[in-house]
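Participant: First, the structure itself, so that you have it in front of you.
Nothing in this text is a laboratory measurement; each read-out follows from the coordinates by a stated rule. Just so you know, these numbers come straight off a predicted model, no measurement behind them. Don't worry about glycine lacking a Cβ; one is built from the backbone with ideal geometry, like all the others, and counts go over all protein chains shown.
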Amino acid sequence: MSATVKGELTPGFNGSKWLLLVLFTVMLFFGPIGANATPTQNMVEEKLQQLETELALSDATKKTIKSKLQETARFLSEVEEQERAAQTFAKEAQAIPERIDLLQTELKTRQRQQNPLDQEDLSPLSQSDLQQRMIKVQAEQNSLLTEMREVENRLAQAQDRPQVIGQTQGTLATRLEQITATLSAQPDTPDLNLSTLSETWALEAERDAILAEQQALQQELLGHQSRVERLKARMALLEWQLREASSALKVLQEHISERRLATVQETQKTVTRKEQTLQNTHPLIKSLAARNTALSDMMTQMSQQLQKVEETTAEMTHKSLDLNDAFRSTQQKVELAGLTQALGQALLEERRRLPNTELIKANSLASQQTIAAAGLRQIQHEEERRALRNMADYINQLGSDVTPDTLASLRTELSNLAEQRLELLDKAIEIDQAYLKALSELDFAQREYVLKSEAFNEYLNERLLWVRSSSAINLAMVQHTPNQFFGLLNDFSQQSFQTQALNWVNTNSLYTLLLPVLLIAATQRTYYRRQMLRLGEPLQRLTTDQFIYTVEALFLTVVYCALWPAIFYLLGLGLSKTPEASDLSLAIADAFQRMAIAVFFIDFLCRSCLPNGLVATHFRWPKEAVESLRKDLLRFRRIFLPLLFFAFVVLGSEIISATGALQHVVVSLVLITFSWCATRLIRNPLGWQAIYLARTKKEPGSGTLKLLQTLFIGGPIFLIALSLSGYLYTSAALSLHILYTLMLNVSIFIVHQLILRWLVLTQRKLAFRNALERRNAARQKKADGVEETVTSEVLTEVEEPQVDLNALSQGSQELVKTLLVLTSAVGIWLIWRELLPAFGVFEDFSVWQYTETIDGEKQSKPVTLLDLALALAIFVITLLAAKRVPALVEFIFLQKVTFGTGSLYALRTLTGYFIVAVGTLTSLSTLGASWSQIQWLAAALSVGIGFGLQEIVANFISGLIILFERPIRVGDVVTVGDTDGIVTRIQIRATTIRNWEQKELLVPNKEFITSRLLNWTLSDQTNRLLIPIGIAYGSDVRKAMSIIANIAEAHPLVLSDPAPLVTFESFGDNALMIYLRAYVNGLDHRLPTLSDLHLEIYEQCNDAKIVIAFPQRDVHLDTSRPLEIQVRESSSATDLGKGSNKS
């Protein structure tokens, strides 16, 4: 029997042969387990006792030897445990086939027998007896469900057990080689000291434990397939038992529901007759009788609803079992046949049969609102029943509006009706409890059904992308394609559309009313154009331009473009719900629903590109370029969309023969058409290229155009090749998801343009408002008579930056781009999440192995292709996040705390560093990298840093110090050496300083930490001006000082605190030196203020006849004796004379 199991297992687990070979070789080399001089437990105990009496060894040595001996004892215990486990697995392998036979025999016996309840007469049983039996069956059903879940978990673990055993065997083999090498290197000396002996024993015991574990794993592997078969047989038996229990439960529920409904209906008739006999009595009696009738009617409705819920629960349980059978059958087919073409078609068929879980959730009878309403109704009934227990008070409360004598005369009849109502409430509460229980059971059954459907769908999605769904195209298929096409047309012409139209109208009355309204609205083109023209007129002037007009235009365009897609969707939805709809009709219905989003998207783009449309009028794109772009988009609407609709019909139809290539041809035509339309759009220099030039002031690069052309040509060619080679589903699925991704990105681009429109409009209005304020201020000053300083003050106000519009626009654009990138990422994930499980196949391809310590044990872990792709994705996301997320963090902090420019730059930079560090570590950990693997790299980097990279590291560390300590910040005015300028950027290696000539100087970060630095704006923006003024000797110094002080105090940019100071400090060689010290708020005001003060001081001193001194020299001649005068001829003249004489 073992040989049989082994033979069955070998094809399923390719590693078993080499594992047996390795084990056999090791056994030959070492001999049987325990045949070597391996110690026993008694020998270890003796050595431990000997160690206690050993006096020549130190305490540390004794501790080490004791640890090794205890480790030896532990390994010896493991040897015994693994030997027992191997024996257990061997015995199980012999007994499992008999157990499988017993399970299969019991299953066949149960399948041949009928359900006992189907033949049993349940009419003699009372309602309580039926309920007791139903409770017993429900308990049995719950027990079966619990056991099924346990078996499913064990089966799932058993499926992965061979891979786990293979990995464990590899780790054990590696460790065994290490032990063998260590033991071989030891000297073959009979007399070993206690320390060496303990180490040798520990290694030998570990070797025997590994060999025993390998033998146990091999025994487990030999019987693995038998255990899996036993679990599957047990699962099949449990499912059949669950079917029997569900069938019995259904029979009992039907009998109980029928009796309950009959009892309630009889009660309803009795209460109704009672009400009719009391029609001519007092209104109080008639009111209570009417309430009893209403309660009985409600009980009847609830009983009917309860019966419907119970039937739905039974149906859902039956569907869940069928789905479980189909899932298990599909798994078995995949295991046996692999991913073949025939299996691919079967998988597609199974996927078509899967239910729509979203519709199940939406149309559930056990919604949270229904459960809450039922619970509230039960509470109300219980409260009224508590009130009825005190009958006298209840009647007194009913008759509070009548006289006591009248109430006394009516008390008897009211008491009878109240007692009747109490009985009705008891039955109503019983129905409410049963209804709530049934809703809970239905909710549980639906959740189980939905979970199994989603698990089955995920299983199919993991495999459908990699399996051929049809034959590769060949000549025979091409020859049958015309017959296939005409056969489709013939089936289309033979459809009884008149009958189906009548069925559609009868089934979808609401849709029948909506369609004419939508058709009438869709034909109102004149109204749409008139409204768009009206909304575009106010945009011609800034004073009337409002963003609300753009929002209205967008809303109007969306509504108008959604009319035809809504018509298509309603047609498809109604057609899919029509009774007796054919396969072709259902395919057309699905095509109508799928086309809705594509028709809306293309139509929206075309409508937006009209002359008075959204992009030309509101986004202010060039009208000629927009018109050219619209012509390119019309190709998609006229050619691509009809072909796409036909492709949906062909791919969704089941009547097409598999011998033709119509599906391949249609998919190829759609891809070729899309590639042609997209390429024409990209190459058009008068379309989107002109728009790009107008918006960015630069032409798109040739590299970008070539990349786009390659993508829109090479991508469809690749998908066509997939389709023609038989991967039809793969090609269609990838094409559809790529199309949805393109539509998402274009939609996000439209949103981006909309937000930019709002930002630009806000910026223009702010600038216009500031200009108006400056003009009004100038007019006011002129009206007040301040004419001599109006021009200067107006110029000052114009130059003063009250709102930094450029910075506001740049920060807002960065934030908008970040949010839109995040939105795009989420949208792409939502689009592709259906196909993401398919990429789990790359997890089966191992690239390399790494060792990881788990719970103190080293285990070998593989790095797969999926890990590589995930690491690459994490790295790319890290780069994007490092570029975009800091702007978002800055925006969030600005809402809470006020930061300066330098602080914001430091926050952005450090956030980027943190994101890069975390992303890099996460990416490396995905590949199994840890400190033990990369410590050699760190050591090499340390050596490199010590020699060649010390300057780079010093600059990097200095950059971090600058960001944390902030001796300089972005925006500070500094002096470094001979260069003055503004700090514009602090990077990893260097800091950028822009001087007053707009030249940029890169300064290594280390210079700011180790050298002297002058920061003009470190702690205070206030800047002092020192102006020396020299006046001529003999001038009125006090008057000059007064004039200079008045000039400084009158200047608007000179601060009053600290106040300007004028001092007379020295007698110069040529002038009397007066110094003006004034303060301005910021270095930006320094030069303009200096120029204004110099000009005013010069003009007013001239007006006051105060001479601004300049250097003079007096020459004095001594006339006390005659002056000696000599006339000398220059040497050049003499030489000239000599030359002339010679000539």
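Participant: Just give me a number: lysine pairs in the range 278-464, eight or more positions apart or cross-chain, with C-alpha atoms less than 25 Å apart.
Facilitator: So the count works out to 15.
Participant: Full extension from residue 1077 to residue 43: what is 0.36 nm times the residue separation minus their Cα-Cα distance, to one decimal in nm?
Facilitator: Additional length available on full extension: 362.4 nm.
Participant: If you don't mind, another one. Starting from the Cα of residue 109, step 7 Å along the direction of its Cβ; do the same at residue 830; then give the gap between the two resulting points in nm.
Facilitator: Each label point lies 7 Å from its Cα, and together they span 5.6 nm.
Participant: While we're on this one: Please work out the Cα center distance from the range 243-319 to the range 583-638, rounded to the nearest Å.
Facilitator: If we compute the Cα centre of each part, the gap is 56 Å.
Participant: How far apart, in nm, are two points set 7 Å out from the Cα along the Cα-to-Cβ line at residue 359 and at residue 766?
Facilitator: About 5.3 nm, to one decimal.
Participant: Please report, to one decimal in angstroms, the Kirkwood hydrodynamic radius of the range 1022-1103 built from all distinct Cα-Cα pairs.
Facilitator: 12.9 Å
Participant: Please report, in Å, the Rg and the Dmax of the range 528-669, where both are computed over Cα atoms only.
Facilitator: Reported Rg and Dmax, both Å: 19.6, 69.
Participant: Along the Cα-to-Cβ line of residue 519, 7 Å from the Cα, sits a label point; which residues in the range 559-578 have backbone N less than 13 Å from it?
Facilitator: 567-568, 571
Participant: Write down the Å³ per residue value for the convex hull defined by the alpha carbon atoms of the range 296-379.
Facilitator: Expressed per residue, the convex hull around the Cα atoms of the range 296-379 is 105 Å³.
Participant: With bins 10 Å wide starting at 0, give me the P(r) of the range 278-464 over every alpha carbon pair, in whole percents.
Facilitator: Values per bin, smallest distances first: 8, 26, 19, 15, 12, 9, 6, 4, 1, 0.
Participant: By how many nm would the segment from residue 1086 to residue 158 grow when fully extended, if each residue of separation counts as 0.36 nm and the alpha-carbon distance is taken off?
Facilitator: Contour length minus Cα-Cα distance gives 326.0 nm.
Participant: Now for a different question. Listed highest first by mean packing, meaning other Cβ atoms within 10 Å per residue, what order do 1045-1053, 589-597, 433-441 come in?
Facilitator: Per-residue Cβ counts within 10 Å, averaged per peptide and sorted highest first, yield 589-597, 433-441, 1045-1053.
Participant: For the range 159-253, how big is the tail of P(r) above 24 Å, as a whole percent of Cα pairs?
Facilitator: In whole percent, the long-distance tail amounts to 54.
Participant: Where does the range 353-482 land on the Kirkwood hydrodynamic radius, alpha-carbon pairs, in angstrom?
Facilitator: 20.5 Å is the Kirkwood radius here.
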